[in-house]
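The values are calculated or read from the model by the stated rules, or taken from the named source; none is laboratory data. Everything quoted here is computed from the prediction, not taken from an experiment. As a convention, Cβ positions derive from the backbone with ideal geometry for all residues, glycine included, and neighbour counts pool all protein chains shown.
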2 protein chains.
Amino acid sequence: MPQIKIGDYLFKRLHELGIGSVFGVPGDYELALLDLVTDNDLQWKGNPNELIASYAADGYARVKGAAAFVTTFGPGELSAYCGMAGHYCEFVPVVHIVGYPTVAAQRSQAIMHHSLGDGRFDMYENMAKHITAATTVITNPPTAAAEIDRVLNTMMRNQNADRDVPTGAVRHQVLSEVNELIQLTSFPTFATAMGKSGVNEELPNFGGIYGGAGTYPGVKKAIESSDAVLWIGNFPSDFNTGEFTTAVKEEITIDFQRFSVKITWNPFPVETFSDSDELKQDFLWPAILVTAYMTRKALGPFFRAGDVVIGETGTSAFGLCDSKLPKGVMMFNQTVYGSIGYATGSIVGVGQAIQESGGKWKRPILVTGEGSMHLTVQAIADMLRWDLKPIIFVLNNGGYTVERLIHGKEASYNEVAIYDYSALAKAFGPAYPAKYHGPVKTCGDLTKLLKDPEFGDAGCFELVELVLGQLDAPGSVIKTGAAIDEFNKAKAQKTVPGG
Amino acid sequence: MPQIKIGDYLFKRLHELGIGSVFGVPGDYELALLDLVTDNDLQWKGNPNELIASYAADGYARVKGAAAFVTTFGPGELSAYCGMAGHYCEFVPVVHIVGYPTVAAQRSQAIMHHSLGDGRFDMYENMAKHITAATTVITNPPTAAAEIDRVLNTMMRNQNADRDVPTGAVRHQVLSEVNELIQLTSFPTFATAMGKSGVNEELPNFGGIYGGAGTYPGVKKAIESSDAVLWIGNFPSDFNTGEFTTAVKEEITIDFQRFSVKITWNPFPVETFSDSDELKQDFLWPAILVTAYMTRKALGPFFRAGDVVIGETGTSAFGLCDSKLPKGVMMFNQTVYGSIGYATGSIVGVGQAIQESGGKWKRPILVTGEGSMHLTVQAIADMLRWDLKPIIFVLNNGGYTVERLIHGKEASYNEVAIYDYSALAKAFGPAYPAKYHGPVKTCGDLTKLLKDPEFGDAGCFELVELVLGQLDAPGSVIKTGAAIDEFNKAKAQKTVPGG
């Protein structure tokens, strides 16, 4: 029987999934395994820490379809759990490969480094089971290949749920939210065949099932004459659209997909700002994003086909989502799990995936707040040394702005360190070219930057520092924050006897 | 009955444990709780990420006796798991306080942010149970105080195991290592009363129990006339020492304690280096540490009473442990769990604890490799903004040196980013004074620095960049690395059928 090393088998399988690079941090339990990465036509893309490796893998998988990262037993794997829970929660197919102590060491309950010193070796896998679709510990060579296949198959099937199970929004476990939305808004509600049974059809505002030309005439007329349609997990397959006869105009739809929201109208009023005004988010987002505004100012939109844009959880994601995007732009954020620091790590994987996309994708663009960036700021070193040429917008607004809006507007716990953003590229990669733009403090500063033809095309790392007020945010965020503050105040009144 | 808020009760209890500062990262699930930190005479010391918060709490607890940090549900707590496993493994009493969604939200299985989007809320606690001494989720106000007391009592009892249970090395679960050492070395072995039954008394080299003046004459003579004695978990209590009549000379002992190894002889040969020689670890450690060498060079030792020194896992810990320390120096590392990046986060807590020690402790000193520092480098921002005045030695040796010695001497996976260490303080805290010393490339450079009377007394953040060869390490590390490499090579030959 032909023989193959377990590591070679694993990496060949990853290669077959379209993976071209492996992220991670080396450790002595898996150093020999790492030699096999390049043996199997994969690039090793090591990161400064495991959390960043897990985020980079996430970004890579969202662009390339799958990703892998390697860490060591114990500290390595535990440091990546936050990233792994995000993969699981948001259906991003990432395999985490962990180098373990030998079977002999485990059976003898030796006190190995990176264990808890108590002779146990199964506790980390037991923890990981809560935040993964599948796990295995390879201890038996004859079943190793089958185990690897089982886990990788589960990973791919789990993320591809919407491609082989006909339930759209249903499979993505947002049904309770959808039904709440329907009840709260009383909007007329329709479903497609794939979503049949997903929404409560006993509600007075349930209108029926829509399937293009084949639809019951009354339902068809109601939908096709609407001023606006919210698509939730829309899945325009042949059977789901009456063989592609859907006649809902794209410009009136908001398309909620698993990893993105596509909005095709302009919610922003065209505000009137003067060049000397302090920069505000209500100016920022239209200035960067909205074509109508751009036309007025004789600027093109900053984003263009081939861009992959990540908006960090916080005002960045809110601001970016309420936008009209040019065709061919990919944009995502980590909606449900919402771990800040994610975006700065994830853009590393996006940049690497862009390099491997054969020209399909072009610019990695990160939009983040400074407090979020601080969690994983050393990812900048990887962006520089791998020549990923990201364009980074940092909203420097004096701390955790969303938290301030929710509670503690002036509280010290919402402060963060004050960096010199112009010094970051020099500190993290002095050998590589980089451009700093800023500090952008006024509307006029931003307009001038957006007019600079080299901005966004410098062919190297570019970082824009946008200076904003501590409590400045899109109006929707300010309102949501106030509601949560009220909710928390009620909670904080809970008392306990004694003391 | 008098009433007290649950948060006030918790923070009053922490204050009673001697805790003066609380570390962490704010999140909207616990913002209202954070208001109560300062209400209860505790300082809030927020960190750039949760891993750093957990490490800072660890360092603080090792100096002050206990520590606390606060994070949010999901991403916040999972990001700290690596630090928590280190607390548990190394018996460091740290409480991790997590802000959870409301009981109502949990009961309704709502899709809350930071959950996994599947209506579950108990998975994170189930994970944490594997790496903690005790957990509780406070959902019922009438039992909240009792639950808080139960968890805090367990935390303090767990760390104080050696103070109320008479088994020294036994309680610290290193018995299998001790017995292996005894068998491998065939050293004559004795125990104290507290360690009775801990070692295999059937071994031919077991000699008896030693208890000072009260000891059986033959045993007493054998120990007291030895050239060197290894104390493992030595616990010099009254009953354990024949009422303090132990007559083993301190200068011939190596004292293995839970968090430190105290060696009281000088293992370094006095090497002859010239000023123009490239800096080497065999020169470095005696130059910084060893009094005999210092005397020869007319220098005092760099360390002095009041210093708290952390050696990062790797060559730093090995180099520091083989040393003779002046009296009144505290030194530790994370021996068993061995998570790199730990030391750079932990020194933040040490620095804070020093500020609260009323002059008992003076200088926080960090010795780390650059690859390790990169994991948690943004902790520098906290050192600067809180004016902790650390002295940092960075061994810049072109990657993961211990890993290189084990496997992959030239492998790309053992490379790390190349920083400009002179730019770090400017990037992370431009408003604060800081000194950069280096790059120190030769033995003469180091001697000159050590002779500078301001070095180590500048009254601000000081960072020394020590440039060392990629494969340079203390001789003991080089030998251990080669042995592990052999071991891994055998493991890598395992093959799997198929392919």
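The single condition among (1) away from chain A (no Cβ under 14 Å); (2) modelled with pLDDT under 85; (3) buried (at least 20 other Cβ atoms within 10 Å of the Cβ) that B:Gly481 does not meet is (1).
For the stretch B:85-104, taking the residues that are free of Cβ contacts under 8 Å to residues at least 60 places away in the same chain and buried (at least 24 other Cβ atoms within 10 Å of the Cβ), the one that is farthest from the other protein chains (Cβ to nearest Cβ) is identified as B:His96.
Restricting the stretch B:398-420 to residues that are within 11 Å of chain A (Cβ to nearest Cβ) and among the polar types (S, T, N, Q) leaves a set whose member that is surrounded by the fewest Cβ atoms within 10 Å (Cβ to Cβ) is B:Ser412.
Only a single criterion out of (1) surrounded by fewer than 21 Cβ atoms within 10 Å (Cβ to Cβ); (2) touching a Phe, Trp or Tyr at 6+ places or on another chain (Cβ under 6 Å) is not satisfied by B:Phe23, namely (1). With the structure loaded, tell me whether A:Ala411 is touching a residue at least 40 places away in the same chain (Cβ under 8 Å) and small (Gly, Ala, Ser) or whether it fails that test. No; evaluated as a whole, the condition is false for this residue.
Among the numbered conditions (1) closer than 21 Å to B:Ile340 by Cα; (2) free of Cβ contacts under 8 Å to residues at least 24 places away in the same chain, the only one that A:Arg107 does not meet is (1). Inside the stretch A:113-137, residues that are in contact (Cβ under 8 Å) with a residue 24 or more places away in the chain, more than 9 Å from chain B (Cβ to nearest Cβ) and crowded, with 19+ Cβ neighbours inside 10 Å make up a count of 1.
For the stretch A:329-345, a tally of residues being within 13 Å of chain B (Cβ to nearest Cβ) and touching a strand residue (DSSP E or B) at 6+ places or on another chain (Cβ under 7 Å) returns 3.
Restricting A:Leu375, A:Leu395, A:Leu388, A:Leu424 to those that are more than 21 Å from A:Gly475 (Cα to Cα), of a type outside the set (Asp, Glu), touching a Gly at 6+ places or on another chain (Cβ under 6 Å) and modelled with pLDDT of 95 or more reduces the list to A:Leu388.
Conditions tested, residue by residue: (1) closer than 17 Å to B:Val464 by Cα; (2) touching a residue at least 40 places away in the same chain (Cβ under 8 Å); (3) facing chain A (nearest Cβ under 10 Å); (4) touching a Cys at 6+ places or on another chain (Cβ under 7 Å).
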position	(1), (2), (3), (4)
B:Ile347	yes, yes, no, no
B:Gln352	no, yes, no, no
B:Ser357	no, yes, no, no
B:Pro364	yes, yes, no, no
B:Glu370	yes, yes, no, no
B:Thr376	no, yes, yes, no
B:Leu384	yes, yes, yes, no
B:Ile392	yes, yes, no, no
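Answer yes if at least one residue in the stretch B:426-436 is within 30 Å of A:Gly46 (Cα to Cα), more than 9 Å from every other protein chain (Cβ to nearest Cβ) and outside any helix (DSSP H, G or I), and no otherwise.
yes
B:Ala68 fulfils the conditions (1) at pLDDT 95 or above; (2) within 12 Å of chain A (Cβ to nearest Cβ) except for a single criterion, (2).
Given the structure, is B:Ser260 under 18 Å from the mean Cα position of the chain (by Cα), surrounded by fewer than 22 Cβ atoms within 10 Å (Cβ to Cβ) and modelled with pLDDT under 80?
The answer is yes for B:Ser260.
Could you please let me know if B:Leu471 is assigned to a helix (DSSP H, G or I) and in contact (Cβ under 8 Å) with a residue 12 or more places away in the chain?
The answer is no for B:Leu471.
Residue-by-condition table, conditions (1) surrounded by fewer than 18 Cβ atoms within 10 Å (Cβ to Cβ); (2) under 29 Å from B:Asp28 (Cβ atoms); (3) small (Gly, Ala, Ser):
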site	(1), (2), (3)
A:Gln355	yes, no, no
A:His374	no, yes, no
A:Asn396	no, yes, no
A:Lys426	no, no, no
A:Ala431	yes, no, yes
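Filtering the stretch A:5-13 for residues that are among the acidic types (Asp, Glu), more than 10 Å from chain B (Cβ to nearest Cβ) and over 24 Å from A:Gly119 (Cα atoms) leaves an empty set. When A:Leu34, A:Leu17 are screened for being of a type in the set (A, V, I, L, M), buried (at least 17 other Cβ atoms within 10 Å of the Cβ) and either at pLDDT below 90 or within 25 Å of A:Ser115 (Cα to Cα) (or both), only A:Leu34 passes. The C-beta contact set for the stretch A:435-446 (first residue among the acidic types (Asp, Glu), second residue surrounded by 15 or more Cβ atoms within 10 Å (Cβ to Cβ) and in a helix (DSSP H, G or I), distance under 6 angstrom, 6+ apart or interchain) is empty. Hey, any hits in the stretch B:18-38 for a residue that's more than 8 Å from chain A (Cβ to nearest Cβ) and within 14 Å of the chain's Cα centre (by Cα)? Within the stretch B:18-38, none of the residues are more than 8 Å from chain A (Cβ to nearest Cβ) and within 14 Å of the chain's Cα centre (by Cα).
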